[in-house]
Amino acid sequence: MDRSVTGAGGPVRRAALALFLLVLVAAGCAEPAAAPEPAHNQTDVMFLQMGLAQIAEGQQVAAVAEERAVNPEIRTVAAELLAQWRTESSTMQRWLLAWQQPLGADPSAGVHAGHGDLHSLREEDVAALRAAQGADFDRTAVALLLGTLHNGMETMRMESAGGAYPPAVDLATRMAEARQAQVQRLLALASGG
């Protein structure tokens, strides 16, 4: 007979073996440790908050332009922007909520110091767009879309220069590349090209 199983110390060895096997099984079943989340800073938060506000403004213009623009290229750019903004805003909201940050920036004076004097879309701008017809509508839509995209580019530059959260910096870079191409297309339309 094998003394390791039935002789002196057998029950101790069996208990040790059982404990060892239990530890192995538990280790195999345990979820892997989550990788630490990269740090974010106030520039990342501001980029996301301002980005959401700019997207909300741009959507007002692009939605009308997609329906009513005479020039099909304007309708195409508007549709592209709407699709991109849906995806981007979902990501931005998810990050802000995960960081327990408000979706909108603090409207207090001085909060936007250093972020440039960005033009906000006014109710009169949207009203003028809705009232316009034909070629006048197209000119107004292009001008408002260019203004929105300019604001967005400034916000993306801010993030690229000072953001700390790598996925947000990457998002800003990808957004800037897409917007630059759209700006060029709209500028060509504005100049009659």
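The values are calculated or read from the model by the stated rules, or taken from the named source; none is laboratory data. Everything numeric here is computed off the predicted structure, so don't read it as measured data. Note: ideal-geometry Cβ built from the backbone for every residue, glycine included; neighbour counts use all protein chains shown.
Quick check on ASP138: is it assigned to a helix (DSSP H, G or I) and either in contact with a His (Cβ under 9 Å, 6 or more places away or on another chain) or at pLDDT below 95 (or both)?
On the way: assigned to a helix (DSSP H, G or I): yes; either in contact with a His (Cβ under 9 Å, 6 or more places away or on another chain) or at pLDDT below 95 (or both): no.
For ASP138, the condition - assigned to a helix (DSSP H, G or I) and either in contact with a His (Cβ under 9 Å, 6 or more places away or on another chain) or at pLDDT below 95 (or both) - is not met.
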- Search result, residues across segment 127-138 that are in contact (Cβ under 8 Å) with a residue 24 or more places away in the chain and surrounded by fewer than 16 Cβ atoms within 10 Å (Cβ to Cβ): ARG130, GLY134, ALA135
- Item | Subset of segment 161-172 [surrounded by 13 or more Cβ atoms within 10 Å (Cβ to Cβ) and assigned to a helix (DSSP H, G or I)] | GLY162, PRO167, ALA168, VAL169, ASP170, LEU171, ALA172
